[in-house]
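Single-structure report; data block below.
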Amino acid sequence: MYKWALAVSVALLAFLCQSLLQAQTAVTLTPAAAPTSGQPGVTNIVLTGSGFPEGTILPASTNVSLMPAAGGSAVETKASAVTIVLGSTRRVSFTIPSTVSVTTSTVYRVSVSGATTTGVAFAS
């Protein structure tokens with residue numbers, strides 16, 4: 001009886017580990033956002049990307065990271081909307097965080113990451 005319980009435990013552990021170690025889905029963002037510039041705390045930016053996993057992706061589960069291209073600290077915010085365009089292509093909308101403070105026009109690299117409601121991770 002103990003061997004059977006051990007075998008079931010090992011099988012369950014292997015299944016759980018496999019589920020936890022699933023690789024995240026690679027998302028490819030288009031090179032330009034719309035609009036291409038804006039004001040912190042005011043402008044809503046829309047990114048388009050392909051390769052998103054199937055399933056529901058909630059804005060609250062989608063992180064948007066803005067990294068100054070010239071270097072510096074990244075700024076994180078949540079998406080305000082995630083909409084399906086077609087197939088694995090989605091649009092991710094966010095407002096430029098009011099914590100972004102620049103004195104001249106600054107180029108940022110933007111990336112997205114998160115997970116579906118079933119736990120499938122994605123990142124660009």
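In order along the range 36-49, the phi-based Karplus estimate (6.51 cos²θ - 1.76 cosθ + 1.60, θ = phi - 60°) of 3J(HN,Hα) comes to 7, 8, x, 9, x, x, 10, 7, 8, 10, 10, 10, 10, x Hz; Gly and Pro are listed as x.
With a cut-off of 14 Å between beta carbons, the residues surrounding residue 32 carry a summed charge of +2, where Lys and Arg count +1 and Asp and Glu -1. Amide H contacts of residue 95: 45, 80, each under 5 Å away and 5 or more positions distant or on a separate chain (H built 1.01 Å from N in the peptide plane; Pro and chain starts excluded).
Where a number appears in this text, it was derived from the coordinates with a stated rule and is not lab data. From a predicted model like this one, the values you see are computed outputs, not experimental measurements. Counting neighbours? That spans all protein chains shown, and the Cβs are built from the backbone with ideal geometry, glycine included.
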